[in-house]
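The values are calculated or read from the model by the stated rules, or taken from the named source; none is laboratory data. Fair warning: this is a prediction, and the values are worked out from it, not measured in the lab. We place every Cβ from the backbone using ideal geometry, glycine too, and count neighbours over all the protein chains shown.
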Amino acid sequence: MLTHADILPLQTFEQIRSSKKQEILQLKKNRRVAVGPDVTFYFENTQTIWWQIQEMLRIEKGGDEQITDELSAYNPMIPGRCEKGYEISATMMIEIDDEVRRKVVLSQLFGIDQHIMFELPNATIPAFSIDPTEERNRESDHKTSAVHFLKWVVPADKVSAFLSEESYLMINHPYYSFKASVSLALKDSFKADFEVMN
């Protein structure tokens with residue numbers, strides 16, 4: 001979990017931003033997974049969330065009050081060790097440029113966050129929303145949000161298989177059924193995350 005002490009003053013952040021940006025871009029490159037034509041997952045860890053908070057503060061310049069708000073909003077996205085195993089978290093984005101098509105697809109994909117999982121040879125690991133489901137799947141207009149914040153818990157006894165065997169990130173919604181292989185680069189990133197959690 002990040003605290004006020006982890007957040008750099010704006011002037012200090014500006015001095016390191018250029019070099020740090022390259023580091024974060026490389027990290028994010030290995031943590032991005034496209035599943036089908038319209039959905040992309042951006043897997044988060046402490047570094048990516050720290051960067052997001054610093055960038056928000058740089059743009060909005062809200063001072064200490066904003067720091068508190070950003071920490072409250074983004075800390076739940078930081079994966080950690082839990083009683084059952086290791087967390088993975090991601091920002092999932094439904095990315096459709098065409099406004100008319102986007103409206104149709106968001107309506108079709110109502111409840112998509114309940115149809116996402118990692119598929120291992122002998123197990124599945126379902127995703128769950130960090131935000132309350134009703135906020136991301138709006139009953140009032142029966143459509144989903146273009147952005148979802150998700151977590152998975154990899155059971156301790158499945159970590160070895162998850163990191164070493166072929167696995168997939170899958171969406172099996174009735175209107176959107178695709179899966180993508182979990183790359184070795186992403187698995188290496190997850191392994192580094194899990195080591196930090198110990």
Practice prompt. Mind listing whichever residues of segment 62-94 are without any contact (Cβ under 8 Å) to a residue 60 or more places away in the chain and part of a strand (DSSP E or B)?
Written response: Thr91, Met92, Met93, Ile94
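Phe110 - would you say it is in a strand (DSSP E or B), surrounded by 14 or more Cβ atoms within 10 Å (Cβ to Cβ) and of a type in the set (A, V, I, L, M, F, W, C)?
Numbers: in a strand (DSSP E or B): no; surrounded by 14 or more Cβ atoms within 10 Å (Cβ to Cβ): yes; of a type in the set (A, V, I, L, M, F, W, C): yes.
So Phe110 does not fit the description; no.
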Discussion item. Just to be sure before I move on: is Gln47 under 25 Å from Ala185 (Cβ atoms) and either out of contact with any Cys (no Cβ under 6 Å at 6 or more places or on another chain) or acidic (Asp, Glu) (or both) in the structure I sent?
Written reply: yes
Worksheet item: Looking at (1) touching a residue at least 12 places away in the same chain (Cβ under 8 Å); (2) outside any strand (DSSP E or B); (3) within 22 Å of Lys28 (Cβ to Cβ); (4) of a type in the set (D, E, K, R), which is the only condition Lys179 fails?
Response: (2)
Worksheet item: Which of the residues that make up segment 30-61 are over 13 Å from the mean Cα position of the chain (by Cα) and part of a helix (DSSP H, G or I)?
Response: Trp50, Trp51, Ile53, Gln54, Glu55, Met56, Leu57, Arg58, Ile59, Glu60
Worksheet, complete the sentence: Within segment 165-198, residues modelled with pLDDT of 95 or more, farther than 30 Å from Val105 by Cα and among the polar types (S, T, N, Q) come out as Ser189
